[in-house]
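Remarks on the structure that follows.
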Amino acid sequence: MEFNIALNTIVYLMIFLFPGVIFRKFLFIREYSKEFDKGNLFERFIWTILTSIAILIATFSIFLFLKNILQLDLLPSISYKTIWNTFNDLSNNKLPDPNKKLPVKDKDVYKHFFLLMISIYTLSIILGIISYLVTRTTFVKSIGILKYLNYWQDLVKGTYNSNNDDTLTYAYTTADVLTEQNDTTKLYSGRVINYYLDLQTNQLQTIVLSDAKRYKKFDDGSFKIKSIPGHNFIIEKERILNINFTYIYEKKDVNKVYKWIYRTVNIIFILLFIGVISTMFFSNIYIYTSTFLRKSVFVICGVLLILILNNNVKKVLSGQWSTLKTTNIYFFISFLIPYIWLFNFLNWYWVLIIEFCVLFLTSVFLPENQTNTDGNNPNPENI
């Protein structure tokens, strides 16, 4: 009997508790990792259960979508009946019998059940990471939902500091720390590389500076800046009187994070480019590209669309909205219209009429400040 209760408990924990715990573990990571076990125990338990249920619903919804919409049945052995029978076996103090004869469609039920659990846990990780990234955005923080207890992270990183130039991104923070020791005040400055909080009060315990400097003031009002040798300069809270933070910004093009984003986008579009070009060398790979004319239209328009999207997707991902051009939208629509004919939605003459109308509207409504007024050729970087 004790084994029966333990076995049922383990299964229920795996299904209704573990997904929520995994979600919370990846929601509270990095600078917020110490908040994982903070708060009222009952409240955390309820939120974990509710989160697990939401993840279960999302997982089953994804598999139903794949099965009913995309006709992709990844877990054919999993059904309400097989799940119910598995739970009945566990409730009756019986482990699933691997030698039990099952219908042909249910022969992989245990393997598919294991894959289902892996999918649930994987989705928990993905949703936890996405939630972590979303809650770090300035918009979510400004509306006051899903706030972390660690407000020092926002102060140190300048979350609420307004930056009107969307070509710049936050790089690092420098701090001027006024300290007191033996009734004497001293001013230190340097780049903030880390900080530590008191576990109970959530107050600043220690601040760590690199490239630290000390300001020495003379009686005549002048001062001298002296570099402090070493890698990490540590200041404890008992000595700190006040702190002044300065936020340093840099161009997104040279920022490491955005460089990684740009490289990833470039790789994706290179693969798309190769895929579009290769269409010319395969016969009847798609019914929509069965003739040379259709292949030519598909490749030419596809290459132009990729060139337009490549640069603009990187601008959108890096938040450089002010650098986007209205002309890119018109060009994108123009090169997208031929696909209406390629996929047999309309006859070719209707597509030509639509294309002509779009080009006419483009010439009429195109803002003058986005046209090339110096008579030179347009810059390819604007596409």
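The values are calculated or read from the model by the stated rules, or taken from the named source; none is laboratory data. Just so it is clear, the model here is predicted, and its values are computed rather than measured. Note that each Cβ is placed from the backbone with ideal geometry, even for glycine, and that neighbours are counted across all protein chains shown.
When residues in region 38-62 are screened for being assigned to a loop (DSSP other than H, G, I, E, B) and free of Cβ contacts under 8 Å to residues at least 12 places away in the same chain, 2 of them pass. Every test in (1) of a type in the set (S, T, N, Q); (2) under 16 Å from K25 (Cα atoms); (3) modelled with pLDDT under 70 is passed by S124 save one, and that test is (3).
Can you name every residue in region 325-349 that is outside any helix (DSSP H, G or I) and closer than 17 Å to V299 by Cβ? Reasoning before the result, please.
Taking region 325-349 and keeping what is outside any helix (DSSP H, G or I), we get 325, 337, 343-347.
Once the filter is applied, which keeps residues that are outside any helix (DSSP H, G or I) and closer than 17 Å to V299 by Cβ, region 325-349 yields I337, F343.
Residues that are surrounded by 12 or more Cβ atoms within 10 Å (Cβ to Cβ) and of a type in the set (F, W, Y): which strands (runs of 3 or more DSSP E) entirely in region 183-227 hold 3 or more of them? Can you show your working first?
Values: elements: 184-197, 204-217, 223-227.
Counting at least 3 such residues, we get 184-197.
Count of region 281-322 residues, restricted to those that are surrounded by 14 or more Cβ atoms within 10 Å (Cβ to Cβ), modelled with pLDDT under 75 and over 22 Å from the mean Cα position of the chain (by Cα), is 2. Scanning region 226-250 for residues that are hydrophobic (A, V, I, L, M, F, W, C), over 22 Å from N182 (Cβ atoms) and more than 31 Å from the chain's Cα centre (by Cα) yields a count of 0.
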